[in-house]
Every structure is written in structure tokens, then in C-alpha cells.
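S.K.: I'd like to ask you about the structure that follows.
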Amino acid sequence: MKKNIELLAPAGNLESGIIAINSGADAVYIGAKKYGAREKAGNTLEDIEKLCAYAHKYWTKVYVTINTILYDRELTDALSLIKNLYEIGIDAIIIQDMGILELNMPPIPVIASTQMHNISIEKINFLEKVGFKRVILPRELSLSEITEISKNSCIELEVFIHGSLCVSYSGQCYLSYAIGGRSGNRGECAQPCRKSYNLMDSKNNKIMGNRHFLCLKDLNLSEYINELIDAGITSFKIEGRLKDSLYVKNIVSYYRKKIDAVLLQKSLKKSSSGKSFISFEPNPYKTFNRGYTQYFIQGRNLDIAALYSPKSIGEKIGKVKTISKDFFIIDSDIELHQGDGICFFDENTNLDGTLVNKSENKKIFPEKMKSIRPNTIIYRNHDNIFFKELKKSDINRNIEMHLTFAETENGFILKAMDEDSNKAELSISTEKIPSQSIDGSSSIKKQLSKLGNTDFVCSQIDINVLKSYFIKASLLNSLRRDLIEILIKEREKNRPKDVSYILKNDVPYPEKQISYLGNVLNKKAEEFYRRHGINEIEPAAESGIDMDGKKVMTSKYCLYYQLGVCLSETKDTKVNTPFYLVDESNRKFKVVANCKKCLMEIWA
């Protein structure tokens, strides 16, 4: 059976959520006031309810993130929140804490957050057996690994397809907590991965200084949509609840076009209704990006790290050909314009930038010339014309509808069928007045097609009458409006709604014991794991355990490989291992290559 494909977009707030929906999202994910993994992206129940009402018109779904780990004192409040969210009509919750499953939950679908480290077939099958509807896979998986998981499981699979990358496996990072007590698993990450460090060897020699060794480029898998669908993915997720609405508009519109092209080719359907009409050409290089990577989708590669800056560099324009006192000439066919923001790496590979004051015949007059030299590569991180167009652009999303107007014995009938095969009809009794016009049906068509500010657009109007009739415009307008109201109610009645129950069984958990890496922070989570056969459970880091000497990060990205000294490939005895990362406060973290599992570990 063919599954419908979902484009899942971030909604940092109500405004961004509506823009995402208008841009073509089949589902959005949003944080409530508490317990989301993005503490700064919380929203009121009132706003989430408004978002649900807007989304459901298009059969778009709304998922709410409850994906932090919880203290015992928070469980009652979290359950109350979940019940309230269920009452206002959300479509699913995304969770990390297994303690939630022990609560008296409403029949709401539950999605396993990527924070749960859903990396093995055994773990994924376990989650399916206890009642999860969907699993969000780690970003680090390759196509072959995703395919293997899909072949051996029946649960829905979701992948991140675009956006910022955590250097650590989600849920397996404690660096922020170890440094300052702000836990990523509690939605409070201080983003130490975006900071600069000195890299030292085991003899305290500096290998490289003041670089962003844990900062990654942004993910872009737009060229792998076809392959990912073949691999078994049904939901494509864009990261970005902390991004602004212009970013959402651009990126969601871009992926809507890309996915639609693949769906057409594969004779598949999206999971929501309506078509989005945009008045600009989306381009992922025009909004925030640190450069793009395909990460591990085709296996390990070197095009991953953003060592020199955690900031947005935008789109590559070209190389500086010649310079003068107040302008430079660039070797590029791409035009720069007044008001553009440009950036570049100086001779010390530090990111610098300036504004374009004027552009004439490939001569670029910047606000400042400092650090711009021949052969400097110029990037544009603010396209002034594009952003003006993006801000003023309107996006309309319309549901296709087929209207049929016919006569009855006592008057006329108007029937409608939308793109989802929902039907409505309405009859009126009225005198049939012959029209003076030869073709009265054209005026009827014209009046019925005036759908104004509704969510519908007519794909076809059939007029089935024996004669040409004159019908008052007011009567046709009233008939059309009332019919649309009936159709809207019919759509809501038939909107796909999932009901899901967590299964409180004793299916064995696929591991023998759980360390602090299992993120068990409350007694309900302990109860869950004990029922599933785990007796040895270490409390989560956030319980207050001493992190000195403990592993604070697990990453598939490896600094040894990145710097060309992969310890499983080289026998270079000149490399003094292990390496150490030293931060601006002189804190030292050991970098361990776990070559057996092809992972990097950071230890406090």
C-alpha cells in the first residue's frame, strides 16, 4: 500500500506556523509553554488552538513537542498539559521521556523524538510494540541504514532533511550541562558546540587554535528525496523553530516544490490538501546557512564541519579578481546590489563582512575594503532584493473544487466535490426565467467562480441545464456561499484523525542495563524500564551526578578523521593522542576516538 508523504515544518510561533502551512507544509511541529527541547520557542494553548483550526482546514497536522526529560514534580503538570493539548485538537505529541507513557494519557498518537537515540532496529521495533506511532530517526544514518530499518519494521519513519545540525547524537550530549548546568535534554542548551576552542595534543602542543571544532554546516538533503522515499521515509522534517518566518517561508516553499516533483514522478500523494501559489523563487542559499552538507547520507565524508565560523555565510558569489582603493572586481556572473550584505574569510580565516554601497559594471564598492584581497572568496549573506521580494510576497493555499450546476423540477441544484472527494450539494426552489442572452450559462459560471477569500479554487464548473436561464447574481452568490459552508463542515467531519493508545505490556527492552546516557530522570520512567525487564538503571546526568571524568558527548563526526589523522586508517606515530579541546575558560575536554564503533567521544 502506497503511503502519503509528509513535509513537516517548524512553527516557532503562530505566525510562523501559518506561514509554513500557506507555503505547503503537510504538518507543523510547535512547542508549548513548557517541556519542549527549545525553551525559547514556547507557545500558549490559545495560539496552538488557533494554529490547529487553521491547519485542519487543509488537513494539515499539528504536532506538539513535549520532548524534554522530566523531574517527578513535573509529571502531573505535563499530563495536564497533554490532556489540554488533546482537547484543543492537536494531532500528536513528540516525547523523549518514557515516564510519560506510565501516565493516564488520552488516546493521542505519540512520536518518538530523535532525542531518544532511535538508532537500532531492535530499539525501533520495541518502540512500535509499546504503541509509538512514529520514530524520528537520527540525522547520522545513511541511506543503507535507513533502508535496513524500514525493511525490518512497520512503524512510520521520519527524517530531518534540512537545517542546523547538532554535532552530537541527539539526547547524547551533556557538554552544556557539564559546563554550566544548562541541559540540552531539558531544552536549555547553551550551544557550546558553536564556541571556539584550542585543540591540543596529549603533550600539550597546540595543533590548531581558536577554531569551532564542534560546529557543523547545515543539513541539506534536497537531492535525496527520491532515494529517501524508496528507503521507506514518509515524513521529511525541516529543523528551525528558532528561525524567523522569512526563513520558514523560503525553505518550506523550496521543499514543497522539490517534493511535489518527486511525488508526481512516483505517482504518490502528499498527506494534506490544497496547493500553494508563491510569487517568488525559493532558494535555500538566500536564508540562514553555514554552508550545506549531506552529512552521512552516503557515508562518512569531509564536507561536514564549519570550523571557521558558526555564523551564516549565505551563497558563494565568486573570487575577487582585482582590487582598488574603494572597489573590487569579482570573477562572477552573479550580480551584487546596493544594500547586499557580503562576507568573507580574512587572511587569518576569520569571518569578516561589510555592506555593498554601490555596484557598477562588476565593480563592487563596499562600505569598507579592509581584509578584501585578490583571490578572496566572497559570499552574500543578505540578498537585499530577494529579502524585499520575500517580505512582500503573498502565498495563497487553495483547495481544488469541482462545481456542478443543474436544474431540478422546482429550481436548481449546486453540487461540489473537492480534491479529497468530499461532497456537498444544495437545492433551491425558484422560478425559472428564460434568459435574453443566447448563452446564460456563462454568466452563471462567472458568478459561481467568485470564491473570493475562501480556501477554495474552482478547477472545473459544469452547467447542466436544458435552456438558457436568467438567475439573479444575489441568488447564485447565496447558493455558492451556503454550499461552501456545507463543504467545510463535511471536510472537518471526514478529516483523517488518528486515535492511538500506549500499550502497557512487558515486551523486553533490547538492552540489559541503562546508564545515565538513557536519560532516566523520574520514578515513572524507572517503572517503565523495570516493567520491560531492566533492573540496573543509573539516573540521568540531570539528577545531579558528578560529570567529572564522564563522557559528555557521542558523535559520528570525528575530529581525527576531519583533520586527516583517522586512527583506524593511519599508523602515524607522530600523532600524540588523545587530543584535547580547551575552551575560553581553560576547561579541558578529552577527545577520544572510539574506532571500534567509528565514533568520537568527548570526556569531561
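The values are calculated or read from the model by the stated rules, or taken from the named source; none is laboratory data. For clarity, every value in this text was computed on a predicted model and none was experimentally measured. Note that each Cβ is placed from the backbone with ideal geometry, even for glycine, and that neighbours are counted across all protein chains shown. Surface accessibility is based on the protein's heavy atoms, side chains included, excluding ligands, DNA and RNA. Shrake-Rupley method; radii C 1.70, N 1.55, O 1.52, S 1.80 Å.
S.K.: Regarding ILE502, is this residue farther than 30 Å from MET208 by Cβ, surrounded by 13 or more Cβ atoms within 10 Å (Cβ to Cβ), in contact with a strand residue (DSSP E or B) (Cβ under 6 Å, 6 or more places away or on another chain) and in contact (Cβ under 8 Å) with a residue 60 or more places away in the chain? First the steps, then the outcome.
M.R.: On the way: farther than 30 Å from MET208 by Cβ: yes; surrounded by 13 or more Cβ atoms within 10 Å (Cβ to Cβ): yes; in contact with a strand residue (DSSP E or B) (Cβ under 6 Å, 6 or more places away or on another chain): no; in contact (Cβ under 8 Å) with a residue 60 or more places away in the chain: yes.
Judged against the criteria, ILE502 is not a match.
S.K.: Something else now. Only one residue in ILE484, ILE438 is farther than 30 Å from GLU6 by Cβ, β-branched (Val, Ile, Thr) and either assigned to a helix (DSSP H, G or I) or at pLDDT below 95 (or both), so which one is that?
M.R.: After applying the criteria, what remains is ILE438.
S.K.: If you check every pair at least six apart or on different chains, which have Cβ atoms under 6 Å apart with a residue in region 545-561 that is of a type in the set (Gly, Ala, Ser) first and a residue that is surrounded by 18 or more Cβ atoms within 10 Å (Cβ to Cβ) second?
M.R.: These pairs meet every condition: SER555/VAL167; SER555/SER168; SER555/MET600.
S.K.: Hey, another quick one. Looking only at region 471-488, count how many residues are in contact (Cβ under 8 Å) with a residue 24 or more places away in the chain and not β-branched (Val, Ile, Thr).
M.R.: Quick first cut of region 471-488, residues in contact (Cβ under 8 Å) with a residue 24 or more places away in the chain only: 471, 473, 475-477, 479-480, 482-484, 486-488.
Subsequent filtering for residues that are not β-branched (Val, Ile, Thr) retains 473, 475-477, 479-480, 482-483, 487.
Final tally of qualifying residues: 9.
S.K.: Which pairs do you get when a residue that is closer than 22 Å to THR287 by Cα, found in region 328-354, comes within reach of a residue that is open to solvent by 60 Å² or more (accessible area, probe 1.4 Å) and of a type in the set (Ser, Thr, Tyr), reach meaning Cβ atoms under 7 angstrom, with the pair 6+ apart or on two chains?
M.R.: Listed pairs, sorted by first residue: PHE345/TYR308; LEU351/TYR308.
S.K.: Still on this structure: Could you check region 328-370 and list, in sequence order, the residues that are over 20 Å from TYR308 (Cβ atoms), open to solvent by less than 50 Å² (accessible area, probe 1.4 Å) and within 36 Å of the chain's Cα centre (by Cα)?
M.R.: ILE330, SER332, LEU336, GLY339, ASP340, VAL356, PRO366
S.K.: What is the number of the single condition among (1) among the small types (Gly, Ala, Ser); (2) surrounded by 23 or more Cβ atoms within 10 Å (Cβ to Cβ); (3) over 29 Å from THR147 (Cα atoms); (4) under 19 Å from the mean Cα position of the chain (by Cα) that GLY274 does not meet?
M.R.: Only one criterion is unmet by GLY274, namely (4).
S.K.: In the set LEU599, LEU559, which member is modelled with pLDDT of 95 or more, of a type outside the set (Phe, Trp, Tyr) and open to solvent by less than 20 Å² (accessible area, probe 1.4 Å)?
M.R.: Working: LEU599 fails: open to solvent by less than 20 Å² (accessible area, probe 1.4 Å).
After ruling out the rest, the residue left standing is LEU559.
Residue-by-condition table, conditions (1) touching a strand residue (DSSP E or B) at 6+ places or on another chain (Cβ under 9 Å); (2) acidic (Asp, Glu):
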site	(1), (2)
ILE82	yes, no
GLU87	no, yes
ILE94	yes, no
PRO107	no, no
THR114	yes, no
LYS129	no, no
LEU143	yes, no
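S.K.: So, in region 413-467, how many residues would count as being of a type in the set (A, V, I, L, M) and more than 14 Å from ASP482 (Cα to Cα)?
M.R.: First pass over region 413-467, keeping only residues of a type in the set (A, V, I, L, M): 413-414, 416-417, 424, 426, 428, 433, 438, 444, 448, 451, 457, 461, 463, 465-466.
Imposing the further condition that a residue be more than 14 Å from ASP482 (Cα to Cα) reduces the set to 417, 433, 438, 444, 457, 461, 463, 465-466.
Here the count works out to 9.
S.K.: Here's a follow-up. Return the residues of region 45-72 that are surrounded by fewer than 21 Cβ atoms within 10 Å (Cβ to Cβ) and closer than 19 Å to ARG182 by Cβ; say none if nothing qualifies.
M.R.: TYR71, the sole residue that qualifies.
S.K.: Name the single residue, out of those in region 1-44 being in a loop (DSSP other than H, G, I, E, B) and acidic (Asp, Glu), that is surrounded by the fewest Cβ atoms within 10 Å (Cβ to Cβ).
M.R.: The initial filter retains those residues of region 1-44 that are in a loop (DSSP other than H, G, I, E, B), namely 1-4, 12-13, 23-26, 32-44.
Filter once more, keeping what is acidic (Asp, Glu): 26, 39.
Working: ASP26: 26, GLU39: 15.
This residue is GLU39.
S.K.: Take region 450-481 and flag every residue that is aliphatic (A, V, I, L, M), part of a strand (DSSP E or B), at pLDDT 95 or above and open to solvent by less than 50 Å² (accessible area, probe 1.4 Å). Give the steps one after another, and end with the answer.
M.R.: At the first step, the residues of region 450-481 found to be aliphatic (A, V, I, L, M) are 451, 457, 461, 463, 465-466, 471, 473, 475-476, 479.
Next, from what is left, pick out any that are part of a strand (DSSP E or B): 457, 461, 463.
Among the residues that remain, those that are also at pLDDT 95 or above are: 457, 461.
ILE461 - this is the single residue of region 450-481 that is aliphatic (A, V, I, L, M), part of a strand (DSSP E or B), at pLDDT 95 or above and open to solvent by less than 50 Å² (accessible area, probe 1.4 Å).
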